[in-house]
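Every number here is computed from the coordinates shown, using simple stated rules; none is lab data. Source: prediction; values computed, not measured. We place every Cβ from the backbone using ideal geometry, glycine too, and count neighbours over all the protein chains shown.
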Amino acid sequence: MKTIESSKIPKANGHYSQCIEHNGVLYLSGQLPINQETREVPKTIEEQTDLVLQKVETILNEAKSSKNNILQVRVYISSIELWDKVNERYSVFFQSHKPTRCIIPTRDLHYGCLIEVEVTAVLDS
């Protein structure tokens, strides 16, 4: 088991690792749409979705993988009414790649975020 660390990967805010690799599989912790430099959360669900998926992609790239190696995605949204807008931005991000996915409507997410995303991926072969 190996913890993936890099200056480009956001520092964890709690007692966890952002990404762990084990036997060629990458496990990413849930990512919130918080700008790493300004600590601001974008206003709209579209902006938050784009930012959180960009963060996932950065972590995967630092781990020597890519978004096309994602096996499964878990998306937590603060309201089911956000589903269509999230799905639209998600589709733009992934294009033809369709990892398995579940979208889980929750209530409040940390820091007032509207979305949190976690993924499981594999290393580039």
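Some values worked out for this structure:
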quantity	calculated
R0 of 35 Å, Cβ-Cβ distance Glu81-Tyr16: FRET efficiency to nearest 0.05	0.75
Beta bridge orientation in segment 26-125: antiparallel %, DSSP, nearest 5	60 percent
Contact order normalised by residue count of segment 1-54, Cα under 8 Å, 6+ apart, percent	24 percent
Taking segment 37-125 and dividing mean pair separation by its residue count, relative contact order in percent (alpha carbons under 8 Å, at least six apart)	43 percent
Glu88-Glu40 FRET efficiency (beta carbon distance; Förster radius 30 Å; 0.05 resolution)	0.85
Helix-derived mean residue ellipticity, 222 nm - over the chain, DSSP H n ≥ 4, -39500 (n - 2.57), to 500	-8000 deg cm²/dmol
Charge tally in the Cβ shell below 14 Å around Gln72, where Lys, Arg are +1 and Asp, Glu are -1, Gln72 excluded	+3
Glu57 paired with Glu5, simple spin-label distance in nm, labels 7 Å along Cα-to-beta-carbon	2.7 nm
Distance (nanometres) between label positions extended 7 Å along Cα→Cβ at Val122 and Gln95	2.0 nm
